[in-house]
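**Student:** My questions all concern the structure below.
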Amino acid sequence: MAVLNDLLDAARGLSTTSLIFGLVGLFLLRTVYAAIRSPLSSVPGPLLSRWTDLHVRIKLLSGSKARYVHSLHEKYGPIVRLGPNEVDVSDVNGAREIHKVRSKYLKDPNFYVGGNVRSLFSAIDPVFHAQRKRTLDRCFAEASMVDFEPAVLEKLHLVITQMQEDMKSKGCTDILHWWTLFAMDVIGDLCFGESFHMLETGKKTEYAEDIAVIGSLLPLRGAFPTLIWAAGYTPFFPRFKNVGATRQRIVAYGIQRTQKYLQLVEDGGARRTLFSSLVNKGNLRNAELSEQDLTIESQSYITAGTDTTAITLTYLIYSVCGNKDIHRKLVQELKALPADFNHRHLRDLPYLNRVIEETLRLYGAASGAIPRVVPQEGGTLAGHYIPGGAIVSTQSYSVHRDSKIFPNPEKFDPSRWETPSNEAKNAFMPFGLGPRTCIGLNLARMELRLCTAMFFRAFPTAKLSTKFGMSDSDMEPQINFLVMPKGHRCLIEV
Ligand code: HEM
């Protein structure tokens, strides 16, 4: 107390300017001390990362963070420091330690929508997550896929017809546009028992546009969360001001569609959905899942299952069209399928599945960092002690480009999956790892197989178009959390 009084007396005697200089000096001293004494100071990385992560945030904004972090791994090794409290690990054992069963490395609440939405995707609490996963696992099980195949095939016939129409009328078709409408119509159908009918109109609905707007703000929100929050309270940035209203519209629409679906079930007219086994006569059988939970889960599947599937498919077709030999082999294998082929014929088709694995390795749509918080007691990763509370990320972008595991890693080479090494299988994480692995992966794989097969059967001579100025530079991947072609389009012609 006496010390405090002495300090206050001393402060009274100072001018405002000296006080400000003093405080800034103290702040700098504290920052320098923290940087030198931080247990993270043994982790290699750029000097700047000891003081700030601003450079990484700026890279996130420009869509080049994953590439930048990868370049750091190439320079410094399997673990790199990204900021005063953040590291990235691209070591397979480290990644497996972070994402193992019963791991104490939990999702970073600042990254996963504030951690305030109790959906499978954004849940932080492992007990809640395990319970929700137990309820939902069977809805997404491999054995359930046969029930969803008719809905997928129906949309697939529609999308191929629309692409054919485009090719006739414009000489080319934007596959990114069509696969986005396709993937969202499929997941809408599987959540609400009725699609959004965007494939019929060729246009996004207001709901789809709203989701895209919120998605487009994610990098900004990730890089400068406080600034974006504050900008919403000023009159200068209408885009941020409207975010609240956009979110409300998304929620209201989800509620309305869930209620309509439950009514359809009650009336006996609902199609098979992901939730069919949980709903009986319009009521949820499972007491763990309320009507509100159903709305929240549907919303998150629509967000998590649309762009991921559409972008992966787009890069698959782009990569195949860019290599004559791969193109020929794939088309040849698909030619041998019966006219009325289905998913059963594709599940173990060797070359098709190798092409899919290789696309997921190089262009898996969610190849950016998936951040976790280090548990209170700290942990050792890639030989370095990381203190509790630090953020530790893994990005499949880097793990999938480890040249010791995947020689010539930038080469799109499906043959590397012919007899993959155990190291390659262990390092493969396009759908994440451990208990937080993508729950939609069986659905995604079924869509990837059916769409690729149907596309190259319909367009065996497909190639990248040069119409409307389209070029390879449009396809340069920009990676925030999701990958996105720089030009936001992929024009294909026959
Ligand atoms: C090619 C397509 C897809 C890719 C590459 C992909 C990738 C991923 C990745 C990497 C994660 C882990 C994220 C993390 O740990 O932060 C994830 C989680 C998740 N994905 Fe997917 N995904 C795809 C398709 C889908 C589909 C079609 C759905 C839904 C129908 C879906 C729903 C989810 C959900 C709900 C989670 C959270 C799981 C949990 O935390 O337990 N995904 N996905």
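**Student:** Quick one: is K467 more than 16 Å from the ligand (Cβ to nearest atom), in contact with a Cys (Cβ under 6 Å, 6 or more places away or on another chain) and of a type in the set (K, R)?
**Tutor:** On the way: more than 16 Å from the ligand (Cβ to nearest atom): yes; in contact with a Cys (Cβ under 6 Å, 6 or more places away or on another chain): yes; of a type in the set (K, R): yes.
Judged against the criteria, K467 is a match.
**Student:** Let me ask you something else. Among (1) of a type outside the set (K, R); (2) under 23 Å from W179 (Cβ atoms); (3) crowded, with 17+ Cβ neighbours inside 10 Å, where does S398 come up short?
**Tutor:** Going through (1) of a type outside the set (K, R); (2) under 23 Å from W179 (Cβ atoms); (3) crowded, with 17+ Cβ neighbours inside 10 Å one by one, S398 breaks only (2).
**Student:** Determine whether G322 is surrounded by fewer than 20 Cβ atoms within 10 Å (Cβ to Cβ) and under 25 Å from N480 (Cα atoms).
**Tutor:** For G322, the condition - surrounded by fewer than 20 Cβ atoms within 10 Å (Cβ to Cβ) and under 25 Å from N480 (Cα atoms) - is met.
**Student:** State all residues of segment 338-365 that are of a type outside the set (D, E, K, R), within 16 Å of the ligand (Cβ to nearest atom) and part of a helix (DSSP H, G or I); if no residue qualifies, say none.
**Tutor:** H343, L346, L352, N353, V355, I356, T359, L360, L362, Y363
**Student:** Now for a separate question. Could you say which residue among E377, E418, E333, E410 is among the acidic types (D, E), surrounded by 14 or more Cβ atoms within 10 Å (Cβ to Cβ) and either away from the ligand (no atom under 16 Å from the Cβ) or closer than 30 Å to R81 by Cα (or both)? Working first, answer last.
**Tutor:** Working: E377 fails: surrounded by 14 or more Cβ atoms within 10 Å (Cβ to Cβ); E418 fails: surrounded by 14 or more Cβ atoms within 10 Å (Cβ to Cβ); E410 fails: surrounded by 14 or more Cβ atoms within 10 Å (Cβ to Cβ).
Checking each option against the conditions leaves just E333.
**Student:** If the Cβ limit is 7 Å and pairs must be 6+ apart or interchain, which residue in segment 146-170 that is of a type in the set (K, R) pairs with which residue that is part of a helix (DSSP H, G or I) and at pLDDT 95 or above?
**Tutor:** These pairs meet every condition: K155/F182; K155/D185; K155/V186; K155/L199.
**Student:** Right, something else. Are any residues in segment 110-158 crowded, with 17+ Cβ neighbours inside 10 Å and away from the ligand (no atom under 16 Å from the Cβ), and if so, which ones?
**Tutor:** L158, the sole residue that qualifies.
**Student:** If you scan segment 268-287, which residues turn out to be within 16 Å of the ligand (Cβ to nearest atom) and assigned to a strand (DSSP E or B)?
**Tutor:** The answer is none; no residue qualifies.
**Student:** A further question follows. Scan segment 430-451 for residues that are under 15 Å from the mean Cα position of the chain (by Cα) and within 7 Å of the ligand (Cβ to nearest atom) and jot them down.
**Tutor:** P430, F431, G432, R436, T437, C438, I439, G440, L441, A444
**Student:** Which numbered condition trips up G432, out of (1) buried (at least 19 other Cβ atoms within 10 Å of the Cβ); (2) in contact with a strand residue (DSSP E or B) (Cβ under 7 Å, 6 or more places away or on another chain); (3) within 16 Å of D91 (Cα to Cα); (4) not basic (K, R)?
**Tutor:** Of everything listed in (1) buried (at least 19 other Cβ atoms within 10 Å of the Cβ); (2) in contact with a strand residue (DSSP E or B) (Cβ under 7 Å, 6 or more places away or on another chain); (3) within 16 Å of D91 (Cα to Cα); (4) not basic (K, R), G432 misses just condition (1).
The values are calculated or read from the model by the stated rules, or taken from the named source; none is laboratory data. Bear in mind the structure is a predicted one, so any value in this text is a computation, not a measurement. Positions of Cβ are generated from backbone atoms using ideal geometry, with glycine treated the same way; all protein chains shown enter the neighbour counts.
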